[in-house]
Amino acid sequence: MAENKLTKVNNLIKKNNIEVIDLKAIDLTGRLHHISLPVHENIMKQLMHDGVGFDGSSYGFRKVENSDMIMVPDLDTAVIDPFRDAPTLSFYSNIFLTDKARTQFGQDGRLIIKNTEALLKKTTGADTCMWGPEFEFYIFSDVAYDTRTSASYYEVQHEEEFYKRAYHAANPFDLYDDFRDEACKIFQSLGINVKYHHHEVGERGQQEIETYFHPSLQTADHIITGKYILFNLARKHNLHVTFMPKPMYQQAGNGMHLHLFLTKNGKNAFYKKGAYGNMNQLGLYFIGGMLKHAPALAAFTNPSTNSFKRLVPGFEAPVALTYGMGNRASAIRIPKYVNNPDETRFEFRPPDATANPYLCLAAMTLAGIDGVINKIDPIAEGYGPFDKNILDESMADKIDFLPRSLQEALDELGKDNDFLRYNGIFNDELLDQWTKIKQEEIKSIATMPHPFEYKMYFTL
């Protein structure tokens, strides 16, 4: 099998006159990195045998004194990079230690997802979890920002300016439909199937591209690839794209809603005709687990201080630990418009694209698995279903909400992480390192004066 894959890749290199092999990997926080190697006769055989050494401490993985690691290409991820001048074959990488056994690194997000999928099969009998992410982002014509000891500022310039009613706006007022067309064409060419794209609610250039369902590992790879495409395409057009959850005051935030369902024997494992949302008991247990652990999950689904400027009660933000078919303030929504039994699903709405998608999807799956193992019924737990206004005063004492800050999310993770530790999938080292990195981010923000504080306090 491995030899057949290697032969196919070598044929691809010859057929397309590939000059460069590019290995991509993400650091612990989800930022993309790469290393490029000129092609020579036996390069792929050498890479599969020896890999490429790198400094894991620079990826946030390990301490400096024990940081040598190896990345090895995953042959199944081979694509021709559409943004390199030289013909370049790109791969996502698996990460290994330098021990004699060449052990795959336990904090490698791609390994974590594979281990989570194996546990899913063992505990639920399902084959896989299928995901459909929504990419929400803003396009700006120019951006400037800096933070120094004596200065802190940002400024964005936007060509679009609607007075409300920006959702699904048509051209010529939708200035970036051609940009999205071009982006979607590249998505499709790299194996990411697009459902549709449109202008979003944000009146100053917010966009959305929604993709079809793929298994967990592919989906996480596709999220990184999708961001790579949009960042590079924006640069090509002298534009600026951001996935920041709340890049502008009084404008809609960017989420990364995740639609999901399980399959068994190739069929939807959540479907039950006539039930609420056509959702069967397995699906309800999965919902129950995710809502029960949602406060701790927020440390991975919304892992930036900016995330919680989007997740504010009183708006359309999905902050309530409830589920239903019609309320977008609920953390979980079962889409009313789905009639196809094969696509019966629910949508987890809190996540945003500052997440490491491998850790995010794995953590969400593990929460669902815990719901199945412990039979966490969302109805019995009081999570719903609710199809009325869950933010009015009469509901205030009946429902719980997501954390209000990254610090609160980390505190919840510290109290509730056993569900992540099944089979050692998330280990102490990973949880400690993740918490350390995020605490450093919190400290940096907490000690930096904010420009708005000057308006509030400078002359007080």
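Summary of values
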quantity: Greater than 23 Å apart at Cα, pairs in K8/K236; K14/K100; K273/K375; K5/K122; K114/K309; calculated: K8/K236; K14/K100; K5/K122; K114/K309
quantity: Local net charge near C129, Cβ-Cβ under 13 Å (Lys/Arg +1, Asp/Glu -1); calculated: +2
quantity: Top positive-direction residue, dipole computed over the chain with Cβ charges, set V9, L431, M256; calculated: V9
quantity: Net length gained if the chain between Y153 and L32 were fully extended (0.36 nm per residue, minus Cα distance); calculated: 41.0 nm
quantity: Nearest-20 debye value, the chain charge dipole, Cβ charges on Lys, Arg, Asp, Glu; calculated: 900
quantity: Loop sites in the range 309-371: chymotrypsin sites (Phe, Trp or Tyr not before Pro), DSSP, at most 13 other Cβ within 10 Å; calculated: Y337
quantity: Centroid-to-centroid separation of the range 311-325 and the range 234-266 [C-alpha atoms, Å]; calculated: 17
quantity: Net charge contributed by nearby residues that have their C-beta within less than 12 Å of N374 (K/R +1, D/E -1); calculated: -2
quantity: Listed residue (I223, Y422, I373) projecting farthest to the positive dipole end of the chain, Cβ model; calculated: I373
quantity: At q = 0.22, 0.23, 0.24 Å⁻¹, base-10 log of I(q)/I(0) for the range 2-105 (Debye sum, equal scatterers on each alpha carbon); calculated: -1.18, -1.25, -1.33
quantity: Within-12-Å neighbourhood charge of Y228 [Cβ basis; K, R +1; D, E -1]; calculated: +2
quantity: Using a Förster distance of 56 Å, the FRET efficiency for S67-K388 (Cβ separation, nearest 0.05); calculated: 0.55
quantity: Within the chain, helix-based [θ] at 222 nm, where runs of 4 or more DSSP H residues each add -39,500 (n - 2.57), nearest 500; calculated: -10000 deg cm²/dmol
quantity: Segment K185-K375, extension gain: residue separation times 0.36 nm, minus the distance between their alpha carbons; calculated: 64.1 nm
quantity: Euclidean distance between Cα centres, the range 8-79 to the range 366-385, Å; calculated: 40
quantity: Check: the range 30-121 dipole with +1 on Lys, Arg Cβ and -1 on Asp, Glu Cβ, in debye; calculated: 280
quantity: Percent RCO, i.e. relative contact order, over the chain, from Cα pairs under 8 Å lying at least 6 residues apart; calculated: 15
quantity: Size of the chain as Cα extents on the principal axes (Å, biggest first); calculated: 70, 56, 48
quantity: Sites R328 and Y163 - FRET efficiency at Förster radius 30 Å, r taken between beta-carbons, to 0.05; calculated: 0.85
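Every number here is computed from the coordinates shown, using simple stated rules; none is lab data. Just so it is clear, the structure is predicted and the values come from calculations on it, not from any experiment. Positions of Cβ are backbone-derived with ideal geometry, glycine not excepted, and every protein chain shown enters the neighbour counts.
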